[in-house]
1. Tell me which of A:SER5, A:PRO64, A:ASN46 sits at the most positive position along the dipole axis of region A:1-113, charges placed on C-beta atoms (Lys, Arg +1; Asp, Glu -1).
2. How much FRET efficiency would the formula 1/(1 + (r/R0)^6) give for A:ASP19 and A:ASN83, where r is the Cβ-Cβ distance and R0 is 25 Å, rounded to 0.05?
3. May I ask you to evaluate 6.51 cos²θ - 1.76 cosθ + 1.60, the Karplus curve with θ = phi - 60°, for each residue of region B:65-71 and list the ³J(HN,Hα) values in order in whole Hz, giving x for glycine and proline?
4. Helix B:94-112 versus the longest principal axis of chain B: what angle, 0 to 90°, nearest 10, using Cα atoms?
5. Find every distance from the label point of B:THR31 to the corresponding label point in the other copies (7 Å from Cα along Cα→Cβ) and write them in nm, one decimal, shortest first.
6. Quick check on packing: order A:88-96, B:138-146 by the mean number of other C-beta atoms within 10 Å, highest mean leading.
7. For the protein assembly as shown, take every pair of Cα atoms, bin their distances at 10 Å starting from 0, and report each bin as a whole percent.
8. Inter-copy label distances at A:GLU135, 7 Å along the Cα→beta-carbon direction, one decimal in nm, shortest first?
Number of protein chains: 2
Amino acid sequence: METTSQAALLVKMTVAAWDTQNNYFTKLIDTLGNEQLQKEVAPGRNTGVYLLGHLVAVSDAMLPLLGWGDKLYPELEEVFIKNPDKATAVKPSVAELKEKLHTVNAKLSSHFHTATIDQWLDRHMAVSQEDFAKEPHRNRLNVLISRTNHMANHIGQLLLLK
Amino acid sequence: METTSQAALLVKMTVAAWDTQNNYFTKLIDTLGNEQLQKEVAPGRNTGVYLLGHLVAVSDAMLPLLGWGDKLYPELEEVFIKNPDKATAVKPSVAELKEKLHTVNAKLSSHFHTATIDQWLDRHMAVSQEDFAKEPHRNRLNVLISRTNHMANHIGQLLLLK
């Protein structure tokens, strides 16, 4: 196999792994439904709705990190990233978070499936050109790998609500 | 950047993602200790020791799946993969499972860090040559991506024991 197609295949596999986790997450949220998502995944731990909002916020934050525009819902960061579950009494509804999830996913997907290999292997926005020259693994695709594992981590917790 | 180094970088990133999860898992098991690992991650769910054994068994099973020899501990499959937690009254001790984890990790690591790009992108043992010709993503590295996400999923659950 020639090396160009090797790199293309590797990028495709990595994007497919994100899609697998992300599609599973979306289906899981639908399966669980509103009532179960209000519960804690274990006694005293995060609720399903908090983890849903957290994952929407983290996905949304990939847009500026990957240099693909501003966050669509910057207000989610305060509630679902900067603060823990119990710190905020009023949260967006499950229906609202699901709608935001779909919108963020659509925008991310349009980039994920059109970015070239060179674009994937270019630096993300949180690393300087100087550091990137020394550490070429600090690229966009590595952000996606990291976010895929982060999502899998929380899916494991959400599964406990089933 | 030339394409050969692109593929090499992509393989390196994928192996590094496994190492990150796997090292985190190993440290988490040490941090939790024997007593906490006996508990269920949520009421009525798997115990920590079951998830530990499950992850050792799944890692061990990568050896034949990747064509790198037989399983070191084939007896783990019955208890930790084929059967659920509550089906088996007597399980190996945490100390024994931790020792097996270290041995399996050492063997896997020796392969992970020496395999060439072509070896990583060759088929795994559960796909036929005919199917692999049509579906080149069914390669060894894709098994590693899948197992990394599987581990992240269970780490999310083990974290609830903290």
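Coordinate-derived values only; no laboratory data. Fair warning: this is a prediction, and the values are worked out from it, not measured in the lab. Quick reminder, even Gly has a Cβ in these numbers, built from the backbone with ideal geometry, and neighbours come from all protein chains shown.
1. A:ASN46
2. Details: r = 30 Å, r/R0 = 1.18.
Efficiency computed from Cβ-Cβ geometry: 0.25.
3. Values, residue by residue: 5, 8, x, 10, x, 6, 4 Hz.
4. The angle comes out at about 0 degrees.
5. Copy-to-copy label distances at B:THR31, shortest first: 2.8 nm.
6. Values: A:88-96: 12.6, B:138-146: 20.9.
Descending packing order for the listed peptides: B:138-146, A:88-96.
7. For the protein assembly as shown, the binned pair fractions read 5, 24, 32, 26, 12, 1 percent.
8. 3.7
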